[in-house]
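Asks: Next up is a structure, given as structure tokens.
Nothing in this text is a laboratory measurement; each read-out follows from the coordinates by a stated rule. In this text the structure is predicted, and so the values were computed from the model without any measurement. Glycine gets a Cβ as well: all are built from the backbone with ideal geometry, and neighbour counts include every protein chain shown.
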Amino acid sequence: MAKRAVKVVDKNIDHDVELCRTTNARVGSHTMQLLIREQIPFTQVWKRIPFYKREQYKGAKEICVIRTHQNQYSHARRILDGMEVSYRERLMLHAI
């Protein structure tokens, strides 16, 4: 019986950490534009909020989760800390 070759997965896969969350689409798009301008890699996912948890998010049906690579987290966080106060107040920043 022949042995099968083991697939080697890239060591940099799935090292993303959560950067921030927001329920406001305008704040999410502004945040993404800042990250693109600074050439920081990120992913954005809109997650549905269950009905019984919507009170925590002030009635929002979806939440935008922005993730970045763990090596880029500190640079991305500095960019978000320099945002306008009106946008930054609507972000839920994640600390690692």
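Asks: Work through the residues other than GLU38 whose Cβ is under 13 Å from its Cβ and net out their charges, Lys, Arg +1 and Asp, Glu -1.
Replies: Values: positive: ARG37, ARG77, ARG78; negative: ASP81.
Net local charge, GLU38 excluded: +2.
Asks: While we're here: Please compute the modelled spin-label separation between LYS61 and LEU34, points set 7 Å along Cα→Cβ, answer in nm with one decimal.
Replies: 2.8 nm
Asks: Given a Förster distance of 30 angstrom, what is the FRET efficiency for HIS69 paired with LYS47, based on the Cβ-Cβ distance and rounded to 0.05? Mind showing how you got there, number by number?
Replies: Values: r = 20 Å, r/R0 = 0.66.
Result of the calculation: an efficiency of 0.90.
Asks: Starting from 0.36 nm per residue, how many nanometres of slack lie between ARG26 and HIS94 once their C-alpha separation is accounted for?
Replies: Values: separation 68, 0.36 × 68 = 24.48 nm, distance 1.91 nm.
Value of the extension gain: 22.6 nm.
Asks: HN-Hα J couplings of the range 34-46 from phi, Karplus 6.51/-1.76/1.60, θ = phi - 60°, integer Hz, Gly and Pro as x?
Replies: 5, 5, 5, 4, 8, 6, 9, x, 7, 10, 10, 9, 9
Asks: Right, something else. Relative contact order for the chain using alpha-carbon pairs under 8 Å, separation at least 6, rounded to a whole percent? Intermediate results must be reported in sequence, preceding the final value.
Replies: Numbers: 110 pairs, mean separation 39.1, N = 96.
Dividing the mean separation by the residue count of the chain yields 41 percent.
Asks: Within the set of other residues whose C-beta is less than 14 Å from the C-beta of ARG88, count the net charge using Lys and Arg as +1 and Asp and Glu as -1.
Replies: In short, +2.
Asks: When a/c reaches 1.5 or more, the comparison of a/b and b/c decides; with that in mind, is the range 16-56 rounded, prolate or oblate per its Cα gyration tensor? Can you show the working numbers first?
Replies: On the way: a/c = 3.35, a/b = 2.06, b/c = 1.63.
Prolate shape, in that a/c is at least 1.5 and a/b is the bigger ratio.
Asks: Nearest 500 deg cm²/dmol is fine: what mean residue ellipticity at 222 nm does the chain get from its DSSP H runs of n ≥ 4 alone, each adding -39,500 (n - 2.57), divided by its residue count? It would help to have the intermediate numbers written out before the result.
Replies: Numbers: 3 runs with 26 residues, N = 96.
One gets -7500 deg cm²/dmol as the mean residue ellipticity at 222 nm.
Asks: Using only the Cα atoms of the chain, build the gyration tensor, take square roots of its eigenvalues as a ≥ b ≥ c, and label the shape rounded, prolate or oblate: rounded if a/c is under 1.5, else prolate if a/b is larger than b/c, else oblate.
Replies: Details: a/c = 3.08, a/b = 1.56, b/c = 1.97.
In terms of gyration-tensor shape, oblate.
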